[in-house]
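Chemist: Please find one structure pasted underneath; my questions will follow.
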Amino acid sequence: MLVRFARRDDVTTVNQLVRDLARYERAAHEATASDAQLAEALFGENPHVFCHVVEIDDVVVGFALWFRSYSTWTGASGLYLEDLYVQPEYRGRGFGLALMRTLARVCVDEGLTRFEWSVLDWNEPSIDFYRRLGARALDEWTRFRLSHDALANFARQGD
């Protein structure tokens, strides 16, 4: 097993894994990013997201896509894990654990004060996995989102 930063030639594979994750999360119709968009985000002039992959025998079987966040309370940056996914046939072998540990080390090495992510409330296998890592749920917080028509409509209000 090898965990490493994604390379440009991994983009198509990572994007397929993103689609697999979206299908698992019952939201396949929402995964619309193109390979070109993902490549630009990861490897463009100003990369704003980062990706680690886990491979076995030179085959990428999982990924963790993340970005830096910032806490006004701690006055320091953190790491926000956007997506973590390991192909079902490779689960239970420590690949997800290796990706999470790699990101925890990024946090420690870079002095980041938080490592955070979201998980669907029905995804008990993932919730159990995260609890075994020592993570705690922030149940007192409710995540909100503006997107698509709601975002455009709100942005136009007051014009």
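Chemist: When ranked by the protection proxy of mean other Cβ atoms within 10 Å per residue, highest first, what sequence do the peptides 101-107, 25-31, 12-18 form?
Modeler: Answer by packing, highest mean first, reads 12-18, 101-107, 25-31.
Chemist: What whole number of Å gives the distance from the Cα centroid of the stretch 9-27 to the Cα centroid of the stretch 91-159?
Modeler: Here the answer is 17 Å between Cα centres.
Chemist: Residue by residue through the stretch 87-95, what is 3J(HN,Hα) from phi via Karplus (6.51 cos²θ - 1.76 cosθ + 1.60, θ = phi - 60°)? Round to whole Hz and write x for glycine and proline.
Modeler: The phi angles translate into 4, x, 5, 10, 6, x, 10, x, 5 Hz.
Chemist: Let me ask another. Placing +1 on the Cβ of each Lys and Arg and -1 on the Cβ of each Asp and Glu in the chain, which of Ala104, Gly134, Cys51 has its Cα farthest towards the positive end of the resulting dipole?
Modeler: Going by the charge dipole, the pick is Gly134.
Chemist: Over the chain, what number does the Rg to Rh ratio reach, with both radii from the alpha-carbon atoms and Rh per Kirkwood?
Modeler: 0.97
Chemist: Then there's this: Give me the base-10 log of I(q)/I(0) for the stretch 80-157 at each q in 0.21, 0.27 Å⁻¹, Debye formula, one uniform scatterer per Cα, rounded to two decimals.
Modeler: -1.05, -1.41
Chemist: Expected output is a single nm value to one decimal: the length gained when fully extending between Gln37 and Arg143, i.e. 0.36 nm times separation in residues minus the C-alpha distance. What is it?
Modeler: This chain segment gains 35.7 nm when fully extended.
Chemist: Still on this model: Could you give the radius of gyration (one decimal) and Dmax (whole number) of the Cα atoms in the stretch 62-118, in Å?
Modeler: 12.4, 41
Chemist: Could you sort 63-73, 138-148 so that the peptide with the highest average Cβ count within 10 Å comes first and the rest follow in order?
Modeler: Put in order of decreasing packing, that is 63-73, 138-148.
Chemist: Viscosity 0.692 mPa s, temperature 37 °C: give me the Stokes-Einstein translational D for the stretch 85-127 in µm²/s, with Rh taken as the Kirkwood radius over C-alpha pairs.
Modeler: Taking Rh from Cα pairs, D becomes 275 µm²/s.
Chemist: With a cut-off of 8 Å between alpha carbons and a minimum separation of six or more residues, what is the relative contact order of the stretch 1-132 in percent?
Modeler: Relative contact order, the stretch 1-132: 21 percent.
No lab work stands behind these numbers, since they all come straight from the coordinates. Bear in mind that the values here come from a model prediction, so they are computed numbers and not experimental data. With ideal geometry, Cβ positions are generated from the backbone for all residues, glycine too; neighbour counts draw on all protein chains shown.
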